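**Student:** Pasting in a structure now, in structure tokens, and then I'll have a few things to ask.
Nothing in this text is a laboratory measurement; each read-out follows from the coordinates by a stated rule. No experiment lies behind these values; they were computed from the predicted model shown. We place every Cβ from the backbone using ideal geometry, glycine too, and count neighbours over all the protein chains shown.
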Amino acid sequence: MCKRLQTAFVPGRKLYGTASGGEERAGHGVEHEALDAGEARYELVISVDARRSGQYGDAEKPRMRERIYRVLETAFAQAGVVRDTVHMEDRGDGVLVSVPGRIAVTRLLGLWMVEVHENLREENGGLLVPLGLRVAMHVGPVRHDSRGISGRAVDLTCRLADSAVARDLLDRERADLVLAVSDSLYVDVVSAGGKFIEPARFAAARLALKEGAVTAWFHLPGRPAPDIGPVAPEEPAAPVGGPAAAPAGAAADGRRDQRADDSDRDVDVDDEDRDGEVPAQYRAEGDLSVHRHNVYQQPVHIGRVTGDGHRKD
């Protein structure tokens, strides 16, 4: 005999129903709390970005996105995290995730990251261009609304995943996965260690973000603590339709080389003018006209005349 379902209402949350015998309805054991945009909850925020997503063509991006979701969602299942308990927000070339406080942060930092790493290695096994992921984590107040999540905790997490250090480590170490965690998350959770969490394999770096300087900790799964080393600043984009931007310091080096070349030139005594002055040396990219010690018997024009209106045949 089927038991009759009784619905219960509690202010501030929705309970989908319980059986008259007190049993929870199958598939709805987790209560779904009503979301209030004005109420912040401390949650674990995870930002996942794909490496060089702009290099994927329009036909390749859907397959890239499928791989990202397959890696992450499979890892949630393997770590025992029910998919419906976490918020996943699509970011085109990545995913933004928030995990409620009732799920242990250590499970995500430890077992979930191990599974993400293994799943990513399997995905990349037959790819000519392996998929690379930058993952960042931070715990802080998060606000939910009908369109997604927001708050400083979200901003910081996204900044860490997009940092120059994370990008550099992924390329320089030829890795497929890098994890960045905030300083507070490292101090409160990572430093204590745990299953699959080894604080000795994290390295600290000071980042200059838009909101100010912060400390973050970086980890390459399966490897010793990375050598952060100097990280080159990102180069400004070249103007649309203009020449590509020169490498950092190239312009200055060019000027130094030019000064060195000029200083190495010997000035012959015969080059000195009648006043004992050394002739000036010029380097011009366009038109240059130099006139010195000339005597003109009538008015002259020096320079170019452009346009047909002023041209004389």
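**Student:** Tally Lys/Arg at +1 and Asp/Glu at -1 over every other residue whose Cβ is under 11 Å from the Cβ of VAL95; what's the total? Intermediate values should be presented prior to the final figure.
**Tutor:** Numbers: positive: ARG65, ARG91; negative: ASP49, GLU73, GLU89, ASP90, ASP93.
Residues close to VAL95 contribute a combined charge of -3.
**Student:** Now for a different question. If you add up the charges near ALA77, with Lys and Arg at +1 and Asp and Glu at -1, over every other residue whose beta carbon is less than 15 angstrom from its beta carbon, what do you get? Could the numbers behind the result be given before it?
**Tutor:** Values: positive: ARG70, ARG83, ARG107; negative: GLU73, ASP84, GLU115, GLU118, GLU122.
Cβ neighbours under 15 Å give a net charge of -2.
**Student:** What is the pair-distance distribution P(r) of region 97-221, computed from all Cα-Cα distances in 5 Å bins starting at 0, with each bin given as a whole percent?
**Tutor:** 2, 10, 20, 22, 21, 15, 7, 2, 0
**Student:** Based on a Kirkwood Rh over C-alpha pairs, give the Stokes-Einstein translational diffusion coefficient of region 52-91 at 4 °C and viscosity 1.567 mPa s in µm²/s. Show your work: numbers first, answer last.
**Tutor:** Values: Rh = 11.5 Å.
After rounding, the answer is 113 µm²/s.
**Student:** Taking 0.36 nm per residue of separation and subtracting the Cα-Cα distance, what length does fully extending ALA225 through LYS195 add? Could you put the intermediate results ahead of the total?
**Tutor:** Numbers: separation 30, 0.36 × 30 = 10.80 nm, distance 1.73 nm.
Additional length available on full extension: 9.1 nm.
**Student:** If I model a spin label as a point 7 Å beyond the Cα along the Cα-Cβ vector, how far apart are those points for LYS61 and ALA104 in nm?
**Tutor:** 4.0
**Student:** Length gain on complete extension for the stretch GLU211 to ARG147, per 0.36 nm per residue less the alpha carbon to alpha carbon distance? Mind dumping the intermediate values first?
**Tutor:** Numbers: separation 64, 0.36 × 64 = 23.04 nm, distance 2.41 nm.
Stretched out fully, the GLU211 to ARG147 stretch lengthens by 20.6 nm.
**Student:** Grab the Cα-Cα distance for THR85 and ASP183, subtract it from 0.36 nm times how many residues apart they are, and report the gain in nm with one decimal. Let's see the in-between values first.
**Tutor:** Working: separation 98, 0.36 × 98 = 35.28 nm, distance 2.59 nm.
Between THR85 and ASP183, full extension yields an extra 32.7 nm.
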